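As structure tokens, the structure follows; a few thoughts come after it.
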């Protein structure tokens, strides 16, 4: 079978690049909805674990509600990358803790509910890019000479999540199994499409 024959057997919508959900692509919308929900729960889990110290990434002694800092553990030990000094300075700062937790909660809720995916994509891009910079995957060794745990010089889970959130926003993934369609009908969202 030639390439041309194979291309003719593919759904026309795949080759045309039309948005998800148009005729011929019934499986894409549920797949994006599942990705959206799972990713939303991932962000919400991080929020609740750091807030209440559920004992996974955050012990109860380090819980935000008990006076712990959600940024101290991650940013306080940054030893790689061009912004390591600045990021260590942010560790434990009240404003950094509040913005980090607000981002986790806001992104998680937006993804879970399927509303405000564009603002969530912007916030997620900033948050995940900063976390990527903090881990600085290109580095093989930290500034103290110890080996980093980097397994890929460019890609890590932060960038995978970042790309996923942008794709979900681009394809209006909140319209399936979410409140995206209702959200889009709100007057403020109709006047300000960036809120979609």
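The values are calculated or read from the model by the stated rules, or taken from the named source; none is laboratory data. The structure displayed is predicted, hence computed values, not measured ones. As a convention, Cβ positions derive from the backbone with ideal geometry for all residues, glycine included, and neighbour counts pool all protein chains shown.
Quick look at the numbers
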{"item": "Hey, residue 102 within 28 Å of residue 82 (Cβ to Cβ) and part of a helix (DSSP H, G or I) or not", "result": "yes"}
{"item": "Selection count where residues are part of a loop (DSSP other than H, G, I, E, B) and either surrounded by 17 or more Cβ atoms within 10 Å (Cβ to Cβ) or under 19 Å from the mean Cα position of the chain (by Cα) (or both), scope the range 29-67", "result": "4"}
{"item": "Residue list for the range 90-109, restricted to those being under 30 Å from residue 187 (Cα atoms) and either touching a residue at least 12 places away in the same chain (Cβ under 8 Å) or surrounded by 18 or more Cβ atoms within 10 Å (Cβ to Cβ) (or both)", "result": "100, 101, 103, 104, 105, 106, 107, 108, 109"}
{"item": "Exclusive hit being within 30 Å of residue 146 (Cα to Cα) and either touching a residue at least 40 places away in the same chain (Cβ under 8 Å) or in contact with a strand residue (DSSP E or B) (Cβ under 9 Å, 6 or more places away or on another chain) (or both), set 82, 30", "result": "82"}
{"item": "Filter result for the condition that a residue is within 30 Å of residue 174 (Cβ to Cβ), crowded, with 16+ Cβ neighbours inside 10 Å, touching a helix residue (DSSP H, G or I) at 6+ places or on another chain (Cβ under 9 Å) and in contact (Cβ under 8 Å) with a residue 12 or more places away in the chain, over 87, 112, 75", "result": "112"}
{"item": "Unmet criterion (only one of (1) without any contact (Cβ under 8 Å) to a residue 60 or more places away in the chain; (2) in contact with a helix residue (DSSP H, G or I) (Cβ under 6 Å, 6 or more places away or on another chain); (3) closer than 26 Å to residue 112 by Cα) for residue 68", "result": "(3)"}
{"item": "Failed criterion for residue 188 (all others in (1) in a loop (DSSP other than H, G, I, E, B); (2) farther than 30 Å from residue 74 by Cβ hold)", "result": "(1)"}
{"item": "Qualifying residue in the range 132-148 (condition: within 18 Å of the chain's Cα centre (by Cα), closer than 30 Å to residue 178 by Cβ and at pLDDT 95 or above)", "result": "yes"}
{"item": "Matching residues in the range 120-179 - criterion: being assigned to a loop (DSSP other than H, G, I, E, B) and touching a strand residue (DSSP E or B) at 6+ places or on another chain (Cβ under 8 Å)", "result": "140, 148"}
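Yes or no, residue by residue, for (1) touching a helix residue (DSSP H, G or I) at 6+ places or on another chain (Cβ under 7 Å); (2) loosely packed, with under 13 Cβ neighbours inside 10 Å; (3) free of Cβ contacts under 8 Å to residues at least 60 places away in the same chain:
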| residue | (1), (2), (3) |
| --- | --- |
| 133 | no, no, yes |
| 142 | no, no, no |
| 148 | no, no, no |
| 153 | no, yes, yes |
| 158 | yes, no, yes |
| 171 | yes, no, no |
| 174 | yes, no, no |
